[in-house]
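Colleague: Below you'll find the structure I mean.
The values are calculated or read from the model by the stated rules, or taken from the named source; none is laboratory data. Since we're looking at a predicted model, the values are computed, not measured. So basically every Cβ, Gly included, is an ideal-geometry build from the backbone, and we count neighbours across all protein chains shown. The area values use the complete protein model at the heavy-atom level, side chains included, leaving out ligands, DNA and RNA. Shrake-Rupley method; radii C 1.70, N 1.55, O 1.52, S 1.80 Å.
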Amino acid sequence: ARNTNASSGDHGDHVAGTIFGAGNINPLAEGMAPGADLYYYRYPRNLNNVDADYQSNAVRITNSSYSNGCNAGYTAFTQQVDEDGLQNPKLLHVFSAGNDGASNCGYGAGAGWGNITGGHKIGKNVIATANVTAADQIAGSSSRGPAADGRLKPDVASVGTSVYSTIDPNTYGYKTGTSMAAPGVAGAAAQLFQAFVENQGSELDGGLLKAFMMNTADDLGNAGPDFIYGYGRINNLRAVRDIEDGNYITDSVTTSQRDSFLVSVPPNTAELRVMVYWTDPAGSINSARPLVNDLNATVVTSNGTVYQPWVLDPTPQVANLNAPAVR
């Protein structure tokens with residue numbers, strides 16, 4: 001514990017159980033990463049302790065299921081969490097996207113768009129999680145993107161509807177919200193972190209961990225990424241297989257530099273997914289375009305066909321925001 005007040009309510013108990021619960025009383029309520037260690041903080045001020053705990057206690061994944069404004073823009077808190085990803089390369093922050101899915105938070109497209117609840121959640125180097133049902137349908141309350149500057153949010157989705165987990169006193173109960181979806185992602189990230197260490201012999205960067213989760217997600221809603229589901233509902237089995245097979249490349253480039261890689265695709269492969277991801281330096285507070293590094297990528301097949309990346313239109317109009325991604 002770090003500078004915490006007495007517990008109030010059972011929201012935190014439920015969130016923690018989804019990540020770490022051992023299922024001692026009821027195995028059906030076992031969390032996603034029951035073997036992980038827990039540090040908890042008073043939100044949001046003492047998230048500053050993460051830097052020290054990263055060094056001294058090997059904290060690698062955080063979860064926060066609280067809000068901090070709505071469509072707040074690139075705030076000082078956003079800047080802080082983005083800096084965390086650069087200063088502590090193995091760290092990944094996971095946040096709830098928010099439960100304001102029907103709200104108008106001033107993005108410009110009316111109610112139902114641009115209502116991610118907090119600057120920290122729209123960070124470039126963090127995950128914001130949407131809430132889906134067990135049938136992979138978006139919950140009406142789940143906050144939608146884009147981020148205030150038009151970037152893709154949420155990043156992924158997870159089941160956050162009728163989640164069974166720990167509550168006081170020493171029992172279990174059901175809760176619903178992106179607060180319940182985010183710890184599912186955080187616990188899943190812990191599984192992938194362990195899988196990478198066991199298979200590759202080293203810790204992976206938080207950016208690579210985030211990329212594994214996005215690129216292996218089950219696509220929901222419109223084809224490709226969208227402002228409702230992000231890249232889709234996480235699929236840890238597919239992500240673990242990519243880790244085991246070594247389906248990733250790490251590299252660095254400098255300004256105006258080009259680089260290329262050869263990817264051998266096995267025969268009868270149904271789908272090839274290629275994602276270029278980088279951990280970006282923190283942007284300026286209140287910046288209309290906080291992106292610092294701007295990388296472009298194309299995929300060229302052996303017969304010369306060129307594929308461009310998927311792009312969404314963040315124009316603050318319903319038709320644009322609801323349109324499928326295009327290349």
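Colleague: Go through region 69-78 and report how many residues are within 21 Å of ALA109 (Cα to Cα) and open to solvent by 40 Å² or more (accessible area, probe 1.4 Å).
Modeller: 2
Colleague: Tell me which residues, restricted to region 6-43, are modelled with pLDDT under 95, of a type in the set (D, E, K, R) and open to solvent by 50 Å² or more (accessible area, probe 1.4 Å).
Modeller: ASP37, ARG42
Colleague: Within the set of pairs 6 or more residues apart or between chains, which connect a residue that is at negative phi and open to solvent by 10 Å² or more (accessible area, probe 1.4 Å) inside region 123-134 to a residue that is assigned to a loop (DSSP other than H, G, I, E, B) and hydrophobic (A, V, I, L, M, F, W, C) with Cβ atoms less than 8 Å apart?
Modeller: LYS124/LEU291; THR133/ALA139
Colleague: Here's something else I'd like to know. Can you list residue pairs whose Cβ atoms sit under 9 Å apart, with the first residue in region 101-119 being modelled with pLDDT under 95 and the second being aliphatic (A, V, I, L, M) and surrounded by fewer than 24 Cβ atoms within 10 Å (Cβ to Cβ)? Count only pairs 6 or more apart in sequence or on different chains.
Modeller: GLY118/ALA72; GLY119/ALA72; GLY119/ALA76
Colleague: Something else about it: Looking at ASP84, is it farther than 19 Å from PRO225 by Cα, open to solvent by less than 10 Å² (accessible area, probe 1.4 Å), among the acidic types (Asp, Glu) and free of Cβ contacts under 8 Å to residues at least 60 places away in the same chain?
Modeller: Taking the combined requirement at face value, the residue satisfies it.
Colleague: Which one of these is out of contact with any Pro (no Cβ under 8 Å at 6 or more places or on another chain), of a type in the set (Gly, Ala, Ser), within 20 Å of GLY232 (Cβ to Cβ) and surrounded by fewer than 24 Cβ atoms within 10 Å (Cβ to Cβ): GLY173, GLY140, GLY160?
Modeller: GLY140
Colleague: Based on what the data block shows, is GLY145 crowded, with 24+ Cβ neighbours inside 10 Å and under 23 Å from GLN87 (Cα atoms)?
Modeller: no
Colleague: Something else: Can we say ASN296 is out of contact with any strand residue (DSSP E or B) (no Cβ under 9 Å at 6 or more places or on another chain), of a type in the set (S, T, N, Q) and at pLDDT below 95?
Modeller: yes
Colleague: Right, something else. Restricting attention to region 314-321, does a residue exist that is in contact with a Lys or Arg (Cβ under 9 Å, 6 or more places away or on another chain) and either of a type in the set (A, V, I, L, M) or under 30 Å from ASN88 (Cα atoms) (or both)?
Modeller: For region 314-321, residues in contact with a Lys or Arg (Cβ under 9 Å, 6 or more places away or on another chain) and either of a type in the set (A, V, I, L, M) or under 30 Å from ASN88 (Cα atoms) (or both): present.
Colleague: Ok, one more. Among PRO154, PRO89, which is open to solvent by less than 30 Å² (accessible area, probe 1.4 Å), of a type outside the set (Val, Ile, Thr) and part of a loop (DSSP other than H, G, I, E, B)?
Modeller: None of the others qualify; the one that does is PRO154.
Colleague: Just to be sure before I move on: is ASN63 over 19 Å from ALA282 (Cα atoms) and of a type outside the set (A, V, I, L, M) in the structure I sent?
Modeller: Yes, satisfied.
Colleague: Assess whether ALA190 counts as being closer than 21 Å to GLU83 by Cβ, at pLDDT 95 or above and open to solvent by less than 30 Å² (accessible area, probe 1.4 Å).
Modeller: When the stated conditions are applied, ALA190 does not pass them.
Colleague: Which one of the conditions (1) under 22 Å from the mean Cα position of the chain (by Cα); (2) more than 19 Å from TYR248 (Cα to Cα); (3) open to solvent by less than 80 Å² (accessible area, probe 1.4 Å) does MET275 fail to meet, given that it meets all the rest?
Modeller: Failing condition for MET275: (2).
Colleague: Being of a type in the set (D, E, K, R), part of a loop (DSSP other than H, G, I, E, B) and open to solvent by 100 Å² or more (accessible area, probe 1.4 Å) is the filter here, so list the residues in region 217-269 that pass it.
Modeller: ARG258
Colleague: Just checking, how many residues over region 23-61 are part of a loop (DSSP other than H, G, I, E, B) and either charged (D, E, K, R) or touching a strand residue (DSSP E or B) at 6+ places or on another chain (Cβ under 9 Å) (or both)?
Modeller: Residues meeting the conditions: 13.
Colleague: From ASN71, ASN99, which residue is more than 17 Å from ALA186 (Cβ to Cβ), in contact with a Phe, Trp or Tyr (Cβ under 9 Å, 6 or more places away or on another chain) and either in a loop (DSSP other than H, G, I, E, B) or of a type in the set (A, V, I, L, M) (or both)?
Modeller: Just one listed residue meets the conditions, ASN71.
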